[in-house]
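The values are calculated or read from the model by the stated rules, or taken from the named source; none is laboratory data. Just so it is clear, the structure is predicted and the values come from calculations on it, not from any experiment. So basically every Cβ, Gly included, is an ideal-geometry build from the backbone, and we count neighbours across all protein chains shown.
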Amino acid sequence: MTLAGNGPVLTGSGLDPLPVAAVLATPSPVVTPDGVPALAALDVHRSFGAVRALRGVSLSVARGEILGLVGANGAGKSTLIRILTGDLAPDAGEVRIAGEPVHLTSVRDAQALGIGVVRQELDLVPDLTVAENLFLGEEHRFPGSTWRLDRASMARAAAPLLDAVGLRLDPARRVSALSIGDRQLVAAARALRDAASVMLLDEPTSSLTPWETERLFTTLRGLATRGVAIIYISHRLDEIGALCDRVTVIRDGMHVGDFGAPAAELDAIVAAMTPGIGDRDAPAEPRDLRQRGEPVLEARGLRVGRHGPADLVLHRGEILGVFGLVGAGRSTIARALTGSLRPDAGEVVVRGEAVRLRSPWDGYREGVAYLAEDRKAESILPGLSIRINVGVRAPGDTARGGVLDMARLRALARRTIDRLAIKTPTDTALIEQLSGGNQQKVVVGRLLAERLDVLVLDEPTHGIDVKAKRELLDLLRDLAAEGKGILLISSELAELVAVADRIVVFRNGRVVAEFDTADATETSLVGAAAGRGHAA
Amino acid sequence: MTNEAAAPAEAPAPSVGSRIGGDFWARYGVLLALLVMAAVFVLLSDRFLTQDNLVNILRQSAVTAIAAVGATMVLIAGGIDISQGAVMAFAGLAAVIIIQQMGGPDVLAIAVALAFAALFGLANGVLAETIRIPAFIATLGTALVIRGVAFVYTEGRSVGLAGESGELLKWLGRGFIGPLPVPVVLMIVLYLVAAWVMARTTWGLHTYAVGSAERAARIAGVRVSRHRIEVYAVAGLLSGLAGVVLAGRLASAAPALATGAEFDILTAVVLGGTSIYGGRGNVLRTLLGAVFLATMTNGLILLNVPSFYQTITVGVVLLVALSLDRLRSRGTR
């Protein structure tokens, strides 16, 4: 790619180049005159081992069009985006740019062909300036020089790019000094540098204020009128309705519908997103909610960063399901409830008394334990035995005055192995020698080890096989029957409906709906999570 | 949508062969290397395999080995302490100065020296854990300050124990209990206690846990920062003990005492199979590492290899041990 002089020509090979002048100045929409989509995916398949993430997804976006791409957690959106941006190759099917089949082998490839991405986690270098970020990897140099940066040229070239995204700021400012919203727009401007004729935005508004969101939308509409094709991925249906010309819904790795008038069809979109109930487990035997015990864990106006205020009550002997889409703040609030994050405001109430949990250690002392979602980073202790992984914090059960009672520690590990049917030859095996499902059982076993009566589990069945999942869910029910209170965060509706007594739905860090499981339908849950439907 | 789909649901367990292989070399590698090296020295020198020389090797390894107990704990906890040589010098000097220049009783002198050392360890812990300076840099900083103070106070001169003074201190460094030198007895007792602490107490268990996976340990209810600070304090205390023993053996101390000792210590620990990436290691095998180093030095001296070559040898051994550690960790990290 060449950037010459003051007016950098942004060339995208393989399709009609959209010179920056055209992107920035063409007033009238360049709607594909010949009906050829700017970017299309045709019957794309992709598996990871036994997991079939995509099984035949098609999608297309025309120049000047804003396409919404929606789907519940695990529907395959991220995989599809990775394929469209060259990060991943499809097993079958093809990607076409301006009608031409292409083989994208890297993100750089896709960029060269005019596909720009604005990701949720921004790819900007915070300690560099806006201009440096805009031209990272494509720096302007003085003619004839290999090393000397031509900052003046970059500053001049930055101006029209920033202008195109509606940013008025000094390109010499450091990115770290910008608000998240401004950074998002800088990222969009960088996508424009690569002559983006197609721009993908993956959950760009998850950390934006409403005002910033509105400004981003204005920018996107402006880019669309100038002929850029935009694929907009979001969980927030109100945004989809407000912004998109058309919506494609995928579910379980398949294309399940297109909606031409999103604003008017949001309910139908929710229905399309909602997974079928085919794999619904046998529903829990209806439990009489009046028989549940007293409250053991409460959040009162709990606020962490931009999440909250959250209010919820967990009772003894109850499994409270927590549903929500990614980014709804469920984990954040769960962490604040268990001492692994400090809340900015609000109260955590354990057994009726407000407590200040400064660390998970404090939580354990109150009988409250948290199981994190990220097994590798936050649950297992690699290099150590199953025995130690189970007994790491079980002083009451396995130690006296700081001295370990090896017999009891061994017995505890064996009991855990038996009760959770962990497949291992011995309790001294290293935890990383187990399969993922068995590792997860070991760390769940840690929670049985103590006299803990409040368990907060964050996606405990994540990434484990069906059988292990069943066994874990059965165990949770047994534990609840024994009188523990269990807060179960899960993105799998079938699982929540199968074991939870009640389900609360999170959105934007708040509880927006609460259902008795008997009354909950998939549609009502997904609807509430995505901002449609009504609190019960 | 998460990245979960990108990972296979079930990770394959490592093959039995690799498991045994990895374990075997981690467990017995140093011991085998030590035996092979000893065999070579026996063949090349008839002065190597004598009772005097073997006791001498143990005595030479004692000071490094005592400090290496603390270093092992720090590495297992996921930290590093390169202030150990400076702390040894300071503690040794403090004990000698209190006895010689201030006329304090031996017990008090030793107690004060150890208290200083523990305090320096605590400072290391606070800098690395509370202020969150990377441990290597934090302990480098304290090392400079500590040794610098020692130089300023002594004006760079060494201080000796004259005549009869400092009996207890000298006994710690030079005395015998039966056939064994006191430092060797001290070393053996210390290793037994440390091995017990690491294997049989919650403190030891938590040391492994915080080094293995800091975030996981925290969420599992371990007070990670506080625990590591304790580990640094213990390491400081043990460095102090090593320094006191060294001063006793020399019957003097100097601000330049034990310069670079931290690298011998680190070499012993890593030779013993303790990972510099935290979470794995074994105190008793550190003792083997220390004995290996002392044997190597001793053998090279018997063979009249100039001492500059010994420095090179130690460096090579350290790098080989670190490379093995890296290769071992690669499979699981």
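Mind telling me which of the residues B:ARG27, B:ARG47 ends up being surrounded by fewer than 20 Cβ atoms within 10 Å (Cβ to Cβ), closer than 30 Å to B:ALA213 by Cβ and of a type in the set (D, E, K, R)?
Being surrounded by fewer than 20 Cβ atoms within 10 Å (Cβ to Cβ), closer than 30 Å to B:ALA213 by Cβ and of a type in the set (D, E, K, R) holds for just one of B:ARG27, B:ARG47, which is B:ARG27.
Mind listing whichever residues of region A:479-489 are of a type in the set (Gly, Ala, Ser) and either assigned to a helix (DSSP H, G or I) or more than 16 Å from A:LEU447 (Cβ to Cβ) (or both)?
Hits for region A:479-489 are A:ALA480, A:ALA481.
Against the condition within 14 Å of chain A (Cβ to nearest Cβ), charged (D, E, K, R) and crowded, with 21+ Cβ neighbours inside 10 Å, how does B:ARG147 come out, does it pass?
Judged against the criteria, B:ARG147 is not a match.
Those residues that are in a loop (DSSP other than H, G, I, E, B), more than 7 Å from every other protein chain (Cβ to nearest Cβ) and surrounded by 18 or more Cβ atoms within 10 Å (Cβ to Cβ), I need them from region A:357-374; list them, please.
Those that are in a loop (DSSP other than H, G, I, E, B), more than 7 Å from every other protein chain (Cβ to nearest Cβ) and surrounded by 18 or more Cβ atoms within 10 Å (Cβ to Cβ): A:LEU357, A:GLU366, A:GLY367, A:GLU373.
Scanning region A:327-356 for residues that are away from every other protein chain (no Cβ under 11 Å) and part of a loop (DSSP other than H, G, I, E, B), which turns out surrounded by the most Cβ atoms within 10 Å (Cβ to Cβ)?
A:ALA328
Assess whether A:LEU412 counts as being at pLDDT below 85 and either within 30 Å of A:VAL349 (Cα to Cα) or not charged (D, E, K, R) (or both).
For A:LEU412, the condition - at pLDDT below 85 and either within 30 Å of A:VAL349 (Cα to Cα) or not charged (D, E, K, R) (or both) - is not met.
Listed here are the residues, each with its yes/no results for (1) surrounded by fewer than 19 Cβ atoms within 10 Å (Cβ to Cβ); (2) in contact (Cβ under 8 Å) with a residue 60 or more places away in the chain.
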| position | (1), (2) |
| --- | --- |
| A:ARG193 | no, yes |
| A:MET199 | no, yes |
| A:GLU214 | yes, no |
| A:THR218 | yes, no |
| A:ARG221 | yes, yes |
| A:ARG226 | no, yes |
| A:ARG236 | no, yes |
| A:MET254 | yes, yes |
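Name the residue, out of B:LEU238, B:LEU257, B:LEU287, that is touching a residue at least 12 places away in the same chain (Cβ under 8 Å) and either over 14 Å from B:THR72 (Cβ atoms) or among the polar types (S, T, N, Q) (or both).
It is B:LEU257.
Looking at B:ALA62, B:ALA138, can you tell me which residue is closer than 25 Å to B:PHE151 by Cα, crowded, with 21+ Cβ neighbours inside 10 Å and hydrophobic (A, V, I, L, M, F, W, C)?
It is B:ALA138.
Kindly establish whether A:GLY401 is at the interface with chain B (Cβ under 10 Å from one of its Cβ atoms) and either free of Cβ contacts under 8 Å to residues at least 40 places away in the same chain or touching a His at 6+ places or on another chain (Cβ under 8 Å) (or both).
Yes: the conditions hold for A:GLY401.
If I filter region B:194-240 down to residues being touching a Leu at 6+ places or on another chain (Cβ under 8 Å) and among the aromatic types (Phe, Trp, Tyr), which single residue comes out as nearest to the other protein chains (Cβ to nearest Cβ)?
Applying the filter and picking the extreme gives B:TYR208.
Does B:SER275 meet the test of being polar (S, T, N, Q), more than 13 Å from chain A (Cβ to nearest Cβ) and either outside any helix (DSSP H, G or I) or surrounded by 20 or more Cβ atoms within 10 Å (Cβ to Cβ) (or both)?
no
Taking the condition modelled with pLDDT of 85 or more and within 12 Å of another protein chain (Cβ to nearest Cβ), does A:ILE380 pass?
Taking the combined requirement at face value, the residue satisfies it.
Among the residues of region B:302-319, is there at least one that is part of a helix (DSSP H, G or I) and crowded, with 22+ Cβ neighbours inside 10 Å?
Looking for residues that are part of a helix (DSSP H, G or I) and crowded, with 22+ Cβ neighbours inside 10 Å, one finds none in region B:302-319, hence no.
Could you list all residues from region B:119-137 that are among the hydroxyl-bearing types (Ser, Thr, Tyr) and not in a helix (DSSP H, G or I)?
Hits for region B:119-137: nothing passes.
I need every pair where a residue in region A:328-350 that is at positive phi has its Cβ under 8 Å from the Cβ of a residue that is of a type in the set (Phe, Trp, Tyr), sequence separation at least 6 or different chains.
So the pair list comes out as A:GLY329/A:PHE506; A:GLY339/A:TRP361; A:GLY339/A:TYR370.
Taking the criterion of being within 8 Å of chain B (Cβ to nearest Cβ), without any contact (Cβ under 8 Å) to a residue 40 or more places away in the chain and under 26 Å from A:ASP362 (Cα atoms), would at least one residue in region A:423-435 satisfy it?
no
Search region A:383-397 for residues being at the interface with chain B (Cβ under 8 Å from one of its Cβ atoms) and of a type outside the set (Lys, Arg), and hand back the single one that is surrounded by the most Cβ atoms within 10 Å (Cβ to Cβ).
A:GLY391
Got at least one residue in region A:477-493 being facing chain B (nearest Cβ under 9 Å) and of a type in the set (A, V, I, L, M)?
No: zero hits.
Checking A:ALA411 against (1) more than 9 Å from every other protein chain (Cβ to nearest Cβ); (2) touching a Pro at 6+ places or on another chain (Cβ under 6 Å): exactly one of these is not met. Which one?
So the condition that A:ALA411 fails would be (2).
Can you find, within region A:418-457, the residue that is nearest to A:LYS376 (Cα to Cα) among those that are among the charged types (D, E, K, R) and in contact with a helix residue (DSSP H, G or I) (Cβ under 9 Å, 6 or more places away or on another chain)?
Filtering first and then ranking leaves A:GLU432.
Go through (1) closer than 27 Å to B:TYR28 by Cβ; (2) buried (at least 24 other Cβ atoms within 10 Å of the Cβ); (3) not charged (D, E, K, R) and name the single condition B:LEU284 misses.
All conditions pass for B:LEU284, except number (2).
Looking at B:ALA71, B:ALA95, B:ALA118, B:ALA113, which one is in contact (Cβ under 8 Å) with a residue 40 or more places away in the chain and in contact with an Asp or Glu (Cβ under 7 Å, 6 or more places away or on another chain)?
Exactly one residue qualifies, and that residue is B:ALA71.
I'm trying to understand the selection: among the residues of region A:45-67, which are more than 14 Å from chain B (Cβ to nearest Cβ), buried (at least 24 other Cβ atoms within 10 Å of the Cβ) and in contact with a helix residue (DSSP H, G or I) (Cβ under 6 Å, 6 or more places away or on another chain)?
Residue satisfying the conditions is A:ILE66 alone.
Pairs needed: first member in region A:48-70, over 14 Å from A:GLY257 (Cβ atoms); second member anywhere, assigned to a strand (DSSP E or B) and aromatic (Phe, Trp, Tyr); C-beta distance under 8 Å; at least 6 residues apart or different chains.
A:ILE66/A:TYR232
Among the residues in region B:245-255, are any more than 14 Å from chain A (Cβ to nearest Cβ), within 19 Å of B:ARG59 (Cβ to Cβ) and of a type in the set (S, T, N, Q)?
Checked against the condition, which is being more than 14 Å from chain A (Cβ to nearest Cβ), within 19 Å of B:ARG59 (Cβ to Cβ) and of a type in the set (S, T, N, Q), region B:245-255 yields at least one hit.
Pick from region A:446-485 the residues that are hydrophobic (A, V, I, L, M, F, W, C) and surrounded by fewer than 18 Cβ atoms within 10 Å (Cβ to Cβ): which of them is modelled with the highest pLDDT?
A:ALA481
Please list, ordered by residue number, the helices (runs of 4 or more DSSP H) wholly in region A:375-478 having 1 or more residues that are within 30 Å of the chain's Cα centre (by Cα) and within 20 Å of B:ARG215 (Cα to Cα).
So the answer is A:375-378, A:386-391, A:436-449.
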